[in-house]
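The values are calculated or read from the model by the stated rules, or taken from the named source; none is laboratory data. Just so we're clear, the structure is a prediction, and the values are computed from it rather than from any experiment. Here the Cβ is made from the backbone with ideal geometry for all residues, glycine too, and neighbour counts use every protein chain on show.
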Amino acid sequence: MRFKLNRKMTKTISGFSKLSKEEKIEWLSSTFFLDKEQGINTLKQYWNPNTELQDLHDDFIENTISNFYLPFGIAPNFIINGKEYVVPMAVEESSVVAAASLVAKFWSKRGGFKAEVISTTKVGQVHFLFKGEKTEIENYFNAKKEELLASTDSITKNMRKRGGGILDIELVDKTDKLENYYQIHVTFETKDSMGANFINSCLETIAGEFRNDAIQIVMSILSNYVPECVVRGEVSCHVNDIDKKTGLEFAEKFNQAVQIAKVEPYRAVTHNKGIMNGIDAVVLATGNDFRAIEAGAHAYAAKDGSYSSLTDCEVKDGIFRFWIEIPLAVGTVGGLTSLHPLAKLSLEMLENPSAEELMKIIAVTGLAQNFAALRALTTTGIQHGHMKMHLTNILKQLGATEDQKNEIETYFKDKTVSHSAVVEKFNSMQKLV
């Protein structure tokens, strides 16, 4: 073996990245796994037998030793602006796909979802320090502005052909927040690309052109907070179309649940987490960056000074309306969207949407997820449906046979599922064997 352990700390290693995949696994299993062979077998059983495909996955990140699979499912029956969709979702949490599917079917009979992209502007900043007078830096920026834009011509050329590029560039004074701190604030249109590499390349070029002996460039980086790259999704119907007898009661209670999430941050966090269950699943399935989406969404939820619900609701003149507004910077070209086979298939499943169309699909899926959660919370309770879905996982953990699974599932059809109740039932059956 070519790896060398540090003598003082036996769990540190030099030159790890230079080892082969087999050598990495050998060191890992010898150093950390209680059962070395079982650990190696577990890692290798998730290797793809198609070596070409496995090599592709290995190159996505550094130090790859295996693949970590998430279930890949679909939620059919989504109707958005009159068009039918089947939505791909990659997620591990029980009931997420089922909830989205049920709600999609529910609203497909009530006019479906409406969605519109409000704006698609993305942001990047050059952060720098300047100790001189404000008028000096303002004059310098104004004199250099056209040169800053011109310096990016070779980078923005192709993007401009597609109708994108740099929209504006401005100097921002932040010295009231931090001594000597200024920004060059740049806005972009990146069309069907998420645009991270494009934006960062432009910013670094601008920084290089702008710097002088009096300016200390700290960093140049895009922002994942994109409050001007926003999409809106909505459902609405007459309360009687929800249920002729209880529709109004349901709508008012549902509305109250949303209003609580608008004013109570403790509730809003869990409320929005449920929204992100649906959003992240589609973002992952289409090869987009769910961490960037999460960060931007939660910042947007706090934009008014207090963390609040991303969805809103209204019951007026017998009409129930439920909607979401959320920033979503996603792409349908570039990155993993064109490299990962399942990401490409997901986009094909969605009939190769533009970035704006994908924004609508993702927002609507989050809205559907939130509707499912709030409907459960305000009626049967969240655990009723969730634990029914979780029952399968509990039975697998217990090692139940097919006959035992069928008997236990039948037993809990009209009972509340809990982990302890399932274990108790399983153990009682075991005693009878």
Q: Taking only the range 205-238 into account, find how many residues are surrounded by fewer than 19 Cβ atoms within 10 Å (Cβ to Cβ), closer than 28 Å to residue 118 by Cα and either among the aliphatic types (A, V, I, L, M) or without any contact (Cβ under 8 Å) to a residue 60 or more places away in the chain (or both).
A: 1
Q) Does the range 181-196 include one or more residues that are exposed (fewer than 13 other Cβ atoms within 10 Å of the Cβ), out of contact with any Ser or Thr (no Cβ under 7 Å at 6 or more places or on another chain) and among the charged types (D, E, K, R)? A) no
Q) So which residues in the range 130-169 are of a type outside the set (Val, Ile, Thr) and part of a strand (DSSP E or B), if there are any at all? A) 130, 165, 167, 168
Q. List the pairs whose first member sits in the range 23-35 and is under 11 Å from residue 63 (Cβ atoms), whose second member is polar (S, T, N, Q) and outside any helix (DSSP H, G or I), and whose Cβ atoms are under 9 Å apart, counting only residues at least 6 apart or on separate chains?
A. 24/63; 24/64; 25/66
**Q.** Unmet requirement for residue 105, which otherwise passes all of (1) within 22 Å of residue 350 (Cβ to Cβ); (2) in the same structural domain as residue 214 (by TED's automatic domain parsing)
**A.** (2)
Q.
If a residue must be among the β-branched types (Val, Ile, Thr) and assigned to a helix (DSSP H, G or I), how many such residues does the range 170-204 contain?
A. 1
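Take the range 62-104 and flag every residue that is more than 30 Å from residue 22 (Cα to Cα) and of a type in the set (Gly, Ala, Ser).
The initial filter retains those residues of the range 62-104 that are more than 30 Å from residue 22 (Cα to Cα), namely 73-89, 93-104.
Listed by number, the residues that qualify are 73, 75, 82, 94, 95, 98, 99, 100, 101, 104.
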Q) Is the range 62-78 home to any residue that is of a type in the set (Asp, Glu), more than 18 Å from residue 278 (Cβ to Cβ) and out of contact with any helix residue (DSSP H, G or I) (no Cβ under 8 Å at 6 or more places or on another chain)? A) no
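Yes or no, residue by residue, for (1) touching an Asp or Glu at 6+ places or on another chain (Cβ under 8 Å); (2) of a type outside the set (Phe, Trp, Tyr); (3) outside any helix (DSSP H, G or I); (4) crowded, with 20+ Cβ neighbours inside 10 Å:
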position: 268; (1), (2), (3), (4): no, yes, no, yes
position: 276; (1), (2), (3), (4): yes, yes, no, yes
position: 284; (1), (2), (3), (4): no, yes, no, yes
position: 291; (1), (2), (3), (4): no, yes, no, no
position: 298; (1), (2), (3), (4): no, yes, no, no
position: 304; (1), (2), (3), (4): no, yes, yes, no
position: 308; (1), (2), (3), (4): no, yes, yes, yes
position: 313; (1), (2), (3), (4): no, yes, yes, yes
Q: Scan the range 338-348 and give yes if some residue there is crowded, with 17+ Cβ neighbours inside 10 Å, in contact with a Lys or Arg (Cβ under 7 Å, 6 or more places away or on another chain) and among the hydroxyl-bearing types (Ser, Thr, Tyr), otherwise no.
A: no
Q: Please enumerate the residues belonging to the range 257-281 that are of a type in the set (S, T, N, Q) and free of Cβ contacts under 8 Å to residues at least 12 places away in the same chain.
A: 270
Q: Could you check residue 99 against (1) buried (at least 20 other Cβ atoms within 10 Å of the Cβ); (2) not in a helix (DSSP H, G or I) and say which number it fails?
A: (2)
